[in-house]
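Accompanying notes for the structure given below.
The values are calculated or read from the model by the stated rules, or taken from the named source; none is laboratory data. If you're wondering where the values come from, they're calculated on a predicted model, not measured in any experiment. Virtual Cβ from ideal backbone geometry, glycine too; neighbours counted across all protein chains shown.
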Amino acid sequence: MPGAIREALDALPLVDHHCHGAVTADLAEPEFASLLTEGEAWPGVSPFDTPAGIAVRRHCAPLLGLDRHAPAADYLARRAELGWQEVNRRFLTAAHTETFCVDTGYAPHPVTSPAELAAAAGARAYEVVRLESIAEAVAAQGIDAAGYAAAFRAAAEEAVRRPGVVAVKSVAAYRTGFALDPARPTYSEVTRAAALWFSRGGRLTDPVLMRHLLWTAVGLGLPLQLHAGFGDSDLRLHHADPALLTDWLRLTVGTVPVLLLHCWPYQRQAAYLTAVFEHVYLDVGLTLHHVGPARAGAVLAEATEITPFRKLLYSSDAYGVAEFHHLGALSFRQGLAGLLQDRVDADELSPTDAVRIAAWTGRDNALRLYGLPASDPGRD
């Protein structure tokens, strides 16, 4: 059965269970460069000279009609020549993704809506509601602190009733970190914390209100996505270790699925949590396009050491540049195919099981978890 695993993954229409929109404007060099990295732009240091930038020049340039490893200047010129709509179409269709679950709560740039992303890709799209955005919108309404808890719950319930919403998400890892008291806060605690927040303004960063947000999420009944690990400079990485959620996860057993997103460098901690809690799942998300196909297999290998195979999902977490929707999918396919083939070659896995695991991870686990229809209604 030589090559069957790679062939199966290449042919598999993926479900990208967490991503963002692609920009709806042509990008000048500084704007494009800023979207290639999670970090800041540094004078004299090109974001093209990173693993992600090198992978873009190697794997994305041919889709623009350029040679592999095209110089950055040629790449940017060709991108500008084609225009953002054609660039988005090429990369989104190349990703061969049948379904996108789109986080609409982060948009510092004008980006495609879920429907626009789906149209460009020839796919379907659903919405993931970011709960911090809901909470901050409620706070901006000028309600009093005593009414905050009920108002946030009502607004969150209204948001998840929108057509096409399949999950909610929190960025607690950014705002407070995960070292939170796991207990559900009382009404009095929430009211006092809301009064302090309203007096100072700004983003939701209060630990009590974050605990309230997470417990409210549990009550909404939809899968809950949690950013974990790798992110931009707004994050304190050691506070984003998902193992810090252990006590809270113990209290929420039997409630909603909890999806740990991205996780690097804590993919092993996340794998442990999937192995001991029935409601915990993981992906390695944006890590894939930042390490590129060259190292995607290494990250996935650690994530799959003890993770039950029905608990690993695919996501790109692509934002802004459609290159990352394509590069995430490519890195996932190549990385997973390589590690599964290695296990088959070592006679630790049958070829049939390897193909089945590939389909579960790239598509079927997400379809089952989010209750999504498959493109082929005859498939089980």
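Here are the numbers for this structure:
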quantity: Residue among 165, 129 that is surrounded by fewer than 19 Cβ atoms within 10 Å (Cβ to Cβ), within 17 Å of the chain's Cα centre (by Cα) and without any contact (Cβ under 8 Å) to a residue 60 or more places away in the chain; calculated: 165
quantity: Residue satisfying condition, being over 28 Å from residue 18 (Cα atoms) and assigned to a helix (DSSP H, G or I), within set 70, 77; calculated: 77
quantity: Index of the failed condition, residue 231 passing every other in (1) touching a Pro at 6+ places or on another chain (Cβ under 7 Å); (2) in a loop (DSSP other than H, G, I, E, B); calculated: (1)
quantity: Matching option when the condition is in the same structural domain as residue 226 (by TED's automatic domain parsing), of a type in the set (D, E, K, R) and either surrounded by 20 or more Cβ atoms within 10 Å (Cβ to Cβ) or under 29 Å from residue 171 (Cβ atoms) (or both), among 31, 98; calculated: 98
quantity: Hits in segment 318-353 (condition: among the acidic types (Asp, Glu) and out of contact with any helix residue (DSSP H, G or I) (no Cβ under 7 Å at 6 or more places or on another chain)); calculated: 342, 345, 347, 348, 353
quantity: Search result, residues across segment 131-168 that are in a helix (DSSP H, G or I), in contact with a strand residue (DSSP E or B) (Cβ under 8 Å, 6 or more places away or on another chain) and of a type in the set (Val, Ile, Thr); calculated: 160
quantity: Residue in segment 22-36 that is part of a helix (DSSP H, G or I) and either at pLDDT 95 or above or small (Gly, Ala, Ser) (or both) present; calculated: yes
quantity: Of all residues making up segment 267-279, the number that are touching a strand residue (DSSP E or B) at 6+ places or on another chain (Cβ under 6 Å) and surrounded by 21 or more Cβ atoms within 10 Å (Cβ to Cβ); calculated: 3
quantity: Elements of type helices (runs of 4 or more DSSP H) contained in segment 249-320, each with 1 or more residues being among the hydroxyl-bearing types (Ser, Thr, Tyr) and under 18 Å from residue 362 (Cβ atoms); calculated: 267-276, 287-291
quantity: Residues of segment 37-66 classified as in a helix (DSSP H, G or I) and not small (Gly, Ala, Ser), total; calculated: 13
quantity: Of residues in segment 135-159 being of a type in the set (A, V, I, L, M) and under 16 Å from residue 202 (Cβ atoms), the one surrounded by the fewest Cβ atoms within 10 Å (Cβ to Cβ); calculated: 140
quantity: Test for residue 62: is it modelled with pLDDT of 95 or more, closer than 29 Å to residue 226 by Cβ and surrounded by fewer than 22 Cβ atoms within 10 Å (Cβ to Cβ); calculated: no
quantity: Some residue of segment 280-292 being in contact with a Lys or Arg (Cβ under 6 Å, 6 or more places away or on another chain), assigned by TED's automatic domain parsing to the domain that holds residue 183 and crowded, with 24+ Cβ neighbours inside 10 Å; calculated: yes
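Residue by residue, here is whether (1) of a type in the set (A, V, I, L, M, F, W, C); (2) closer than 26 Å to residue 10 by Cα; (3) in contact with a helix residue (DSSP H, G or I) (Cβ under 6 Å, 6 or more places away or on another chain) holds:
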| site | (1), (2), (3) |
| --- | --- |
| 68 | no, yes, yes |
| 71 | no, no, no |
| 77 | yes, no, no |
| 86 | no, yes, no |
| 89 | no, yes, yes |
| 96 | no, yes, no |
| 114 | no, yes, no |
| 124 | no, yes, yes |
